[in-house]
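Here's the structure, in structure tokens; my notes come after.
The values are calculated or read from the model by the stated rules, or taken from the named source; none is laboratory data. Please read all numbers here as calculations on a predicted model, not as lab measurements. All Cβ positions, even for glycine, are placed from backbone atoms using ideal geometry, and neighbour counts span all protein chains on display. What goes into the accessible areas is simple: the full protein's heavy atoms, side chains included, and nothing from ligands, DNA or RNA. Shrake-Rupley method; radii C 1.70, N 1.55, O 1.52, S 1.80 Å.
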Amino acid sequence: MAPRPLTDARAARLGLAVAVAVVGAQAAVGAAWSLSHDDPTELELTKRCLELEKGLTIEDATDDPVARSAQGGTLRTVVEGNLVTLSVAASQAEVERLRAAYAQGDPGVRLDVRGRYVALWLRDPSRSQRQDTYDCAY
């Protein structure tokens, strides 16, 4: 029996079968990798950015009970000579709770809220100091 000639329709089906096999293999590898590796949290991404991209030193904010209550975590660093405590909220409701808790101490412009990040500065922050924290918000 002689092999059938490769027609346009057969070539298209063969190409489609190879493409489906490649995409399936990629999906299987991706799923296996995803199951075995945890994605970094927003706080971990923020820490990494502040340390590697901004060259800042990160500390724990253990002495701030409001910051410690943030479900997404908290960190402390010094940006251009100004100490800042960054808290990551898990929801907008938590942002409001953190803002209200800090407002009892009347922080004024030292309290900066952007998205789910709540920043409490030691002194009034400059635009560039704020920008460093904004650049590392995820």
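General remarks:
- Test: residue in segment 56-65 that is touching a strand residue (DSSP E or B) at 6+ places or on another chain (Cβ under 7 Å), buried (at least 16 other Cβ atoms within 10 Å of the Cβ) and among the polar types (S, T, N, Q): no
- Selected residue (only one of Leu45, Leu75 is touching a Phe, Trp or Tyr at 6+ places or on another chain (Cβ under 7 Å), of a type outside the set (Ser, Thr, Tyr) and either open to solvent by less than 60 Å² (accessible area, probe 1.4 Å) or part of a strand (DSSP E or B) (or both)): Leu45
- Tallying residues that are open to solvent by 90 Å² or more (accessible area, probe 1.4 Å) and either in contact (Cβ under 8 Å) with a residue 24 or more places away in the chain or not in a helix (DSSP H, G or I) (or both) within segment 6-42 yields 3.
- Which listed residue, of Val118, Val95, is among the hydrophobic types (A, V, I, L, M, F, W, C) and part of a strand (DSSP E or B): Val118
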